[in-house]
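Participant: Starting off with a structure, shown below.
Taken together, the values in this text are just the output of simple stated rules run on the coordinates, not laboratory data. Everything numeric in this text was worked out from a predicted model, so none of it was measured. Quick reminder, even Gly has a Cβ in these numbers, built from the backbone with ideal geometry, and neighbours come from all protein chains shown.
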Amino acid sequence: MLTGFYHPARFAGVPWFPRSEPTAEYLAGLPVGTVTGVPIKPGEDYTYEPGSNAWVHNPPAITVDQVRTEAARRILAVCPEWKQRNLTARAAELAMKGSANWATDEQAEVAAGQAIWDQIKAIRTASNALEPMDPIPADYADDSHWP
């Protein structure tokens, strides 16, 4: 496996990797203090640490928008937008009729709709708890953070 080199004064302190096995002459011409055997960078979010000759993972910070997107995904899994609109319209109809005038099936309909809204509110509450965290947990999408 091809490995690279590191020297703080060369290539702005970024490790470099030859395209083929370096010759003895190339190795002899390296400046004093050059680290050899630098492993290949494992991905975009890694920074080279010369003291340990290792790459350290530095994932980008989780954003509030990512949390909100996860909340929206979970809400839509509970109740798609078309169904949310239908529930809202039906709730308005039943409100105009007045709860004292609801038939038994309408009472059951309201209870079922309220159960869905309660799930959605719980997801929103979880999102509202995650959003101000600093930092937001890297595993923010894990079920442990959500109802």
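Participant: Among (i) 1.66; (ii) 2.29; (iii) 1.96, which is the computed Cα Rg over 2.2 N^0.38 Å?
Facilitator: (iii)
Participant: Still on this structure, I have one more. Shape of segment 52-99 from its Cα gyration tensor (a ≥ b ≥ c, root eigenvalues): rounded if a/c is under 1.5, otherwise prolate when a/b > b/c, or oblate? Mind showing how you got there, number by number?
Facilitator: Working: a/c = 7.17, a/b = 5.01, b/c = 1.43.
Because a/c hits 1.5 or more and a/b exceeds b/c, segment 52-99 counts as prolate.
Participant: Could you tally the net charge around PRO59, taking each other residue with its Cβ under 13 Å from the Cβ of PRO59, Lys/Arg +1 and Asp/Glu -1? Present the calculation step by step, with values, prior to reporting the outcome.
Facilitator: On the way: positive: none; negative: GLU44, ASP45, ASP139.
Net charge in that neighbourhood comes out at -3.
Participant: Once you sort the root eigenvalues of the Cα gyration tensor of segment 4-57 as a ≥ b ≥ c, which label holds: rounded (a/c under 1.5), prolate (a/b larger than b/c) or oblate (the other case)? List each step's numbers first, then the result.
Facilitator: Numbers: a/c = 2.22, a/b = 1.59, b/c = 1.39.
Prolate is the answer for segment 4-57, as a/c is 1.5 or above and a/b outweighs b/c.
Participant: Here's something else I'd like to know. Using the Cα gyration tensor of segment 71-147, with a ≥ b ≥ c the square roots of its eigenvalues, what is the shape: rounded (a/c below 1.5), prolate (a/b larger than b/c) or oblate (neither)?
Facilitator: Numbers: a/c = 3.22, a/b = 2.95, b/c = 1.09.
The shape class here is prolate.
Participant: How much length, in nm to one decimal, is gained on full extension between ALA61 and LYS97, taken as 0.36 nm per residue of separation minus their Cα-Cα distance? Mind showing how you got there, number by number?
Facilitator: Details: separation 36, 0.36 × 36 = 12.96 nm, distance 4.98 nm.
Residue separation times 0.36 nm, minus the Cα-Cα distance, leaves 8.0 nm.
Participant: Once each part is reduced to its C-alpha centroid, what is the distance from segment 85-103 to segment 1-66 in angstrom?
Facilitator: Each part reduced to its Cα centre gives a spacing of 65 Å.
Participant: Most exposed first by the Cβ proxy, i.e. fewest other Cβ within 10 Å, how do VAL32, VAL64, VAL56 rank? Show your work: numbers first, answer last.
Facilitator: Working: VAL32 5, VAL64 13, VAL56 10.
The most exposed by this proxy come first: VAL32, VAL56, VAL64.
Participant: Which lysines, if any, have their Cα less than 29 Å from the Cα of LYS83, not counting same-chain residues under 8 positions apart?
Facilitator: LYS97, LYS121
Participant: Let me ask something else about it. On C-alpha positions alone, give me the angle between the axis of helix 104-130 and the longest principal axis of the chain, in degrees, nearest 10.
Facilitator: Roughly 30 degrees, rounded to the nearest 10.
Participant: Only residues of segment 25-63 count here: report those whose backbone N is under 15 Å from the spot 7 Å along Cα→Cβ of VAL14, or say none.
Facilitator: 41-49
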